[in-house]
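Every number in this text was worked out from the coordinates using simple rules, so none of it is lab data. All of these numbers come straight from a predicted model, not from anything done at the bench. Here the Cβ positions follow ideal geometry from the backbone for every residue, glycine too, while neighbour counts run over all protein chains shown.
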Amino acid sequence: MTQSSKRDFLAIPDFSAEELYETLDLAARLKSGEYAERPLAGKTLAMIFTKSSTRTRVSFEVGTFQLGGHALFLSSRDIQLGRGEPIRDTARVLSRYVDGIMIRTFDHTDVEELARFGSIPVINGLTDLLHPCQIMADLQTIRENLGRDLRGVKVAWIGDGNNMANSWLNAAYRFGFELRLAYPRGYEPDAEILERARAEAKIIVTDDPREAVEGAEVINTDVWASMGQEEEAAERARAFEGYCVDDALMERASDRAIFLHCLPAHRGEEVTDAVIEGPRSRVFDEAENRLHIQKAILVRLMGQQDGDPG
C-alpha cells in the first residue's frame, strides 16, 4: 500500500514551523470536536513496540480508531524483528500490508532505517535519542495555558539530557523560544542537536536548577533513570541530588508557570508529590494531549494524499 507523497515524523524538525503550528491547530480542533472527520477509514497503522508503553500505545490505538482506522499492536515477540529479521525487510513487507507505521524502540537509527526502506509514513513513538510526539503534546498544553504564539515562552528543563531534552532542543530550534537546561556534568544532551538549536534560539545551559527556573513559565522534568537504565539508578540518584522539582523551586518560576512531566513519574525523586498534584501541574492535560496531537499527526501523514490536514 504505497502512497504518492510519503512523509515521516521522526523528529520535530521534519516539519517546518508553519506545518507544526498547523498540526497543533488541528490537534486543538480534534480536542474540541470541531474536526470530526474519519480520514483513516479503511486504513491500518502498524504499531511496533520493543519498549513497553502506556500512553503511547493507548493514545495511538484509540486515536487510529477514532479517525476510522485500525491499529495493529506488534511487539518484538510477535514479529520477526525479534528473531533477527533485518529492519529493511520488515519495512518493505509492512509497506505492502498497512498504511503507516508507528515504532517505539531503543536505537534511533532503527527508526531511520525503517523510514528509509518503507514506502509508507513512519512515526517515531520514542527512541533513546528523541521523543517528538511527547513534546508536541507538551507544546499543545503550553498553548492552552500560555497563548498560541510559542516564541516568547521561557521553558526550563531540569534533569537528564535525555530524549526529552533533545526534543525540547529541536522544538526550540523550530519555534525560537528560550530554553534553559539544568543538568549535572556527564548527563549532557546530544551535542549536535544542542549546537543546531543555539543557531535559532536562546539556549541557556547550567548545572543549577534554580538558575534555570528563575522566571520560567514552563518547568519540565523526567525520571532520572529511563527505560534500559535501571542498573544506573543508584548512581543517577547521587548525580541528580538537588534536581528534584519541589515547591521551593517552583516559587522561583513565573507566577503563571505550569509544571509538565511526560510520565510515569517517580514521586519523591525528580518531582515531589506536592508539585505533581499541585495547582500548577498540567501533567494529566499533557497526557490527554498525546491523543489529540497524535491524531493530528496521523491525519497529516495518513489521512490525506497531499498532506493537507483539512
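General observations
- Single residue of the range 140-155 satisfying the filter (aliphatic (A, V, I, L, M) and within 16 Å of the chain's Cα centre (by Cα)) that is farthest from ARG252 (Cα to Cα): ILE142
- Of everything in the range 177-189 that is farther than 23 Å from ARG151 by Cα and in contact with a Gly (Cβ under 8 Å, 6 or more places away or on another chain), the residue that is surrounded by the most Cβ atoms within 10 Å (Cβ to Cβ) is TYR183.
- Number of the condition not met by ALA46 [criteria: (1) surrounded by fewer than 18 Cβ atoms within 10 Å (Cβ to Cβ); (2) over 16 Å from the mean Cα position of the chain (by Cα); (3) under 19 Å from HIS131 (Cα atoms); (4) aliphatic (A, V, I, L, M)]: (1)
- Restricted to strands (runs of 3 or more DSSP E) entirely inside the range 200-292, those with at least 2 residues that are in contact (Cβ under 8 Å) with a residue 40 or more places away in the chain, under 26 Å from ARG143 (Cα atoms) and touching a Ser or Thr at 6+ places or on another chain (Cβ under 7 Å) are 258-261.
- Number of the exception - ARG77 against (1) closer than 24 Å to ILE293 by Cα; (2) outside any helix (DSSP H, G or I): (1)
- Filtered residue count, the range 51-86, keeping only those that are buried (at least 21 other Cβ atoms within 10 Å of the Cβ) and polar (S, T, N, Q): 3
- Total residues in the range 190-223, condition of a type in the set (D, E, K, R) and buried (at least 18 other Cβ atoms within 10 Å of the Cβ): 3
- Extreme residue, surrounded by the fewest Cβ atoms within 10 Å (Cβ to Cβ), among residues of the range 1-27 that are part of a helix (DSSP H, G or I) and hydroxyl-bearing (Ser, Thr, Tyr): TYR21
- Taken over the range 121-148, the criterion of being outside any helix (DSSP H, G or I) and not charged (D, E, K, R) is satisfied by PRO121, VAL122, ILE123, ASN124, GLY125, LEU126, THR127, LEU129, LEU130, HIS131, GLY147.
- When LEU30, LEU72, LEU94 are checked against the criterion of being of a type in the set (A, V, I, L, M, F, W, C), assigned to a helix (DSSP H, G or I) and out of contact with any Gly (no Cβ under 8 Å at 6 or more places or on another chain), a single residue qualifies: LEU30.
- Test for TRP168: is it touching a strand residue (DSSP E or B) at 6+ places or on another chain (Cβ under 6 Å), aromatic (Phe, Trp, Tyr) and not in a strand (DSSP E or B): yes
- Some residue of the range 140-147 being small (Gly, Ala, Ser) and at negative phi: no
- Taking the listed residues THR90, THR105, THR109, the one that is of a type in the set (Ser, Thr, Tyr) and under 21 Å from ILE293 (Cβ atoms) is THR105, with no other qualifying.
- The condition (being closer than 17 Å to ILE297 by Cα and out of contact with any strand residue (DSSP E or B) (no Cβ under 7 Å at 6 or more places or on another chain)) is satisfied by just one residue among GLY69, GLY63, GLY42: GLY63.
- Scanning the range 174-199 for residues that are in contact (Cβ under 8 Å) with a residue 12 or more places away in the chain and in a helix (DSSP H, G or I) returns ARG174, PHE175, ILE193, LEU194, ARG196, ALA197.
- Check on GLY161, surrounded by fewer than 24 Cβ atoms within 10 Å (Cβ to Cβ), part of a loop (DSSP other than H, G, I, E, B) and more than 16 Å from the chain's Cα centre (by Cα): no
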